[in-house]
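Remarks on the structure that follows.
The values are calculated or read from the model by the stated rules, or taken from the named source; none is laboratory data. For clarity, every value in this text was computed on a predicted model and none was experimentally measured. So basically every Cβ, Gly included, is an ideal-geometry build from the backbone, and we count neighbours across all protein chains shown.
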Amino acid sequence: MRLAQGPELAAFVESELSPLLAHDARSSAKLVPTLQAYLDNACRKNDTAQELWIQRRTLYGGSPASSGLLGRRLSDQDTRTRLTLALQGLGLLQQRQSAAPIH
């Protein structure tokens, strides 16, 4: 609970996802949603492609590319767990940002 309320969450998200966030900030091809779908679908490319309405071969430029950007293997369970938590944290940060009052 403390992680979700303090600066630790933003630091964790940044440490896990910074290469993807930087890529997405400068590119129209977004890797964060692709990674989210890939992990949500237990790394099943067919299911991920269906969810994203793309061809399966397109994922070879998506999630596998994100693995290269991150410098870690998505086949590693610890990596998938950390990325899943970081994506959930990113969602919390985005919710917090959109709920913040405008001054």
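Residues that are polar (S, T, N, Q), more than 10 Å from the chain's Cα centre (by Cα) and modelled with pLDDT under 90 number at least 1 in the following helices (runs of 4 or more DSSP H) confined to region 6-103: 63-70, 77-99. Taking each residue of region 67-89 that is free of Cβ contacts under 8 Å to residues at least 60 places away in the same chain and among the hydroxyl-bearing types (Ser, Thr, Tyr) and looking for partners that are surrounded by 14 or more Cβ atoms within 10 Å (Cβ to Cβ) and part of a helix (DSSP H, G or I) with beta-carbon atoms closer than 8 Å, six or more apart or interchain, yields Thr79/Leu70; Thr84/Leu39.
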